[in-house]
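What follows is calculated from the coordinates using simple rules that are stated; it is not laboratory data. Computed from a predicted structure; not experimentally measured. Neighbour counts run over all protein chains shown; Cβ positions are idealised from the backbone, glycine included.
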Amino acid sequence: MKTTIKLTLTLLTLLHLPILGKPLEYITSTDVITPNLSSGAIIRQEAGFETDFLILHCLVKKYQPKNLFEVGTCQGYGTLIMANACPTCAIISLDLPPHTPPFNLKPSDIGHKARGRFQQVYGNSLTYNYQQHFPIDAWFLDGAHDYAHVKHETEQAIQSGATLIVYHDTDIPEVLQAVVDALADTEYNVYRITDTRVSYATK
């Protein structure tokens, strides 16, 4: 049964058809990346990440949030890109505590690319107390790539009053499904950038 559902979601994604839940608008990276917004961007020099993170830069630069919450710090590439795109934005980034599977990162590794440019917090994104930071203008969700985590994180973003929610790895069917399910019956518009792994929601 799970295999059938996953294959169905994959087919819907490839055909650019709406998945049950929030209707998606399908766009391409050229709809987001403009010469004005992309100027001054830090390009992540890793295969498969250049365009995705240039889009992240452009979205953050366009919306200029006062504060931003990131789920999934890792080494801090995304954190650095967002801090560069919006130098006045206060960024909080959540990651698992050091030495926690599956990544088992050392304290010196977590967020080291953006050291000094954001506030690091630790915890499980399913149980973390996000409300202590509300309201939050924008979110970047790039943590665990499964339905339960993405849906819960999106629900928290909605409660925070966010005007921008950016997602990575929405080429994974269950991640995209969590997005459209969590945003169903909300005022958010949801965009799937078809030639990337990025989707985003705005209101």
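Tabulated data
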| item | result |
| --- | --- |
| Percentage relative contact order, the chain, counting C-alpha pairs under 8 Å, at least six apart | 25 |
| Tyr26 versus Ser38: modelled label distance in nm, points set 7 Å from Cα along the beta carbon direction | 2.2 |
| Neighbour-count order for Leu24, Leu94, fewest beta carbons within 10 angstrom listed first | Leu94, Leu24 |
| Residues with amide H under 5 Å from that of Ala90, placed H, sequence gap 5 or more | Asn67, Leu68 |
| Prolate/oblate/rounded label for the stretch 48-185 (Cα gyration tensor, a/c 1.5) | rounded |
| Note, ³J(HN,Hα) from phi for the stretch 157-172, Karplus 6.51, -1.76, 1.60, rounded to Hz, x at Gly and Pro | 4, 4, 4, 6, x, 4, 9, 9, 10, 10, 10, 9, 6, 7, 6, 7 |
| Per-residue ³J(HN,Hα) for the stretch 112-122, Karplus 6.51 cos²θ - 1.76 cosθ + 1.60, θ = phi - 60°, Hz, x for Gly and Pro | 5, 5, 10, 3, x, 10, 7, 9, 8, 10, 10 |
| Sorted by Cβ neighbour density within 10 Å, fewest at the top, the residues Tyr77, Tyr167 | Tyr77, Tyr167 |
| Spin-label pair Gln119/Thr88, simplified geometry with 7 Å Cα→Cβ offset, distance in nm | 1.9 |
| Counted charge near Pro87, where neighbours are those whose Cβ lies closer than 13 Å (Asp, Glu -1; Lys, Arg +1) | +3 |
| Restraint check, Lys22/Lys113; Lys62/Lys203; Lys22/Lys66; Lys106/Lys151; Lys61/Lys106; Lys62/Lys106, Cα-Cα greater than 25 Å | Lys22/Lys113; Lys22/Lys66; Lys106/Lys151; Lys61/Lys106; Lys62/Lys106 |
